Structures are given as C-alpha cells and as structure tokens.
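Encoded as structure tokens, the structure appears first; notes follow it.
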C-alpha cells in the first residue's frame, strides 16, 4: 500500500502549527520527536525541510536504514535495490513515478540514511489547509511524504 497514512504525521502537523517546535525539530529531531513520546531507540534523527526551492528525498543505499520507531516498517519498494540505486542516480525520474513532478528550478537533495543516522523529511504544508487543526493536518501526512517521494496534498487536491 503505497500511500499509507502515518500516525506519526502528528510530528509534521505540530511543526506546521508551532514555529518553536519546528525550530527544535530541525535543530535536534531526536529530542523533538521524544517530546511527542517517540523514542528513536538511540539512533539520531536528522530532519530536513522541503521548501519551494528544495525538495528532499531519503534513501539508504547500503540496505534499508529507516526510522522504524517513527514510521513503522519500511515499504518493500524502499528496500529494493532499484529504488536505492536509482534514487541517487536519477531522483527526478523516481519521484515522477510516485507522481511528484517538480519544477526545474527546484533542487532535489538525496539523503542517505545509515546505521548511525536516520532522516525524516518535513514536507511543505499545502495551500488550502489554513484553519485546519493538528489532528486534521496529521491525517493528511503520509509515510511517503515523510520519506520525500510524495508531497502532502490538501483534501481537495487529494481527490484529483
């Protein structure tokens, strides 16, 4: 199931609504997710933020290092040799296969997780979500958006 909703979307929703939490999340992801009761089990978490000019995507080129404590079990495609190698060589093509088409002026940064470091993408908050509360926003966030292969869509965009 490619677009599984992630219960830990609350991390993203909190960052979208609380600028102080967002600063803490970007400065020390491990400590910030611990504030929400998520234990990274001794593995540091580095959070990278998507912006209108930068899109981040996470891969583990050696195996399938993945923030399980935060996102649960990794999807099969994340562990595949094809995803791991192609994401480094041709990230825009891989993103397009997930439906993520980025303008040419957006820089794509690929982050390689390791046994010593896990990454989480802080996706951009979609337009049209102003006025939504944390719970509503958290429901929009998917595991795939926190890996960076998709973008979060507002409810009206999700149906299209």
*asked:* What are the extents of the Cα atoms of region 85-160 along their three principal axes, in Å, largest first?
replied: 38, 31, 20
*Over region 57-115, relative contact order from alpha-carbon pairs under 8 Å, at least 6 apart, %*: 54
_Fewest-first ranking of 119, 21, 66, using other Cβ atoms within 10 Å as the exposure measure_ = 21, 66, 119
*Based on DSSP H runs of at least 4 residues, each adding -39500 (n - 2.57), what is the mean residue ellipticity at 222 nm of the chain after dividing by all its residues, to the nearest 500 deg cm²/dmol?*
-9500 deg cm²/dmol
*Rounded to the nearest 0.05, what FRET efficiency do residue 63 and residue 104 have when you use their Cβ-Cβ distance and R0 = 25 Å?*
0.20
*In nm, to one decimal, how far is the modelled label at residue 136 from the one at residue 18, with both set 7 Å along Cα→Cβ?*
1.9
*In whole angstrom, how far apart do the alpha carbon centroids of region 35-87 and region 114-160 sit?*
14
*For the chain, what is the per residue volume of the convex hull drawn over the alpha-carbon atoms, in cubic angstrom?*
109
*Cβ-based exposure ranking for 85, 93, in which fewest neighbours within 10 Å come first*: 93, 85
*Among 147, 38, 101, which comes first, second and so on when ranked by fewest other beta-carbon atoms within 10 Å?*
101, 38, 147
*What is the chain's relative contact order, in percent, from Cα pairs under 8 angstrom and six or more apart in sequence?*
34
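Just so you know, all these numbers are worked out from the coordinates, no wet-lab data involved. The model shown is predicted, which means the values in this text are computed figures rather than measured ones. When we count neighbours, we look across all protein chains shown, and the Cβ atoms used for this are built from the backbone with ideal geometry, even at glycine.
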